[in-house]
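The numbers here are math on the coordinates, done by the rules we state, and not lab data. Keep in mind that what you see is a predicted model, and the values were worked out from it rather than measured. A quick note on method: Cβ atoms are made from the backbone with ideal geometry, for glycine too, and the neighbour counts reach across all protein chains shown.
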Amino acid sequence: MNMQRGTNMNHKERRQLILKLVNENQITTQEQLLGLLKEQGVVATQATVSRDIHALNIVKASDSRGVTFYKQLQVDTADQHQRLYDAIRSNVVSATVVQFMNVIKTTPNSSFATVLAGLLDDSDLTDIVGTLAGNDTLITISKTNESANVVNKLVKDHMDIN
């Protein structure tokens, strides 16, 4: 696999490497995964790797001896879209368009913005160029104002508006 190393690696390349490492090793902890990434020249925080694990549908599984390790659950595209819609419905409080960006507020102090950013990053939405997330606020960046409006409509269409 020909991948960039270090800080030049984008999230898709890092996630591809994580998937390769999970498939080739019996990884039992995030710390172990961080160490394997570091051996490959990739420095990432625990929070980043945690978001990557969630976005890749990697879960803990047990072997016949009861040893738990990470493995990927296979999810089809329809399931992935439904997960995104369910996440929006359950956790998004507001979405505001600001030119070519969306400011999306999630449940206060939930740390869910980073999870939602991972779901959006891994979706096939071509209207999103990138995301930036904090604790309960997420920004999506689009190429055009029109694309930002498409993203905003998608979010608002799936929000649980009481």
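Quick one: which residues, 5+ away or cross-chain, put their amide H under 5 Å from the amide H of Asn57? H built at 1.01 Å from N.
The list, which skips near neighbours in sequence, is empty: none.
Using alpha-carbon positions, what is the distance between the centroids of region 87-150 and region 25-42, in Å?
Taking the Cα centre of each part, region 87-150 and region 25-42 sit 29 Å apart.
Let me know the charge dipole size of the chain about its Cα centre in debye, to the nearest 20, where only the beta-carbon of Lys, Arg (+1) and Asp, Glu (-1) is charged.
On the way: 16 positive and 17 negative charges, 56 e Å.
Dipole of the chain, to the nearest 20 debye: 260 debye.
With a sphere of radius 9 Å drawn around the Cβ of Asp52, what net charge do the other residues whose Cβ falls strictly inside it have (Lys, Arg +1; Asp, Glu -1)?
Numbers: positive: Arg14, Arg15, Arg51; negative: none.
Computed value for this residue: +3.
Provide the per-residue ³J(HN,Hα) series for region 80-97, in order, calculated from phi with Karplus coefficients 6.51, -1.76, 1.60 and θ = phi - 60°, each as a whole number of Hz, with x at glycine and proline positions.
4, 4, 5, 4, 4, 4, 5, 5, 5, 4, 7, 10, 8, 9, 7, 9, 10, 7
Taking K and R as +1 and D and E as -1, what net charge do the other residues with C-beta under 11 Å from the C-beta of Tyr85 add up to?
-2
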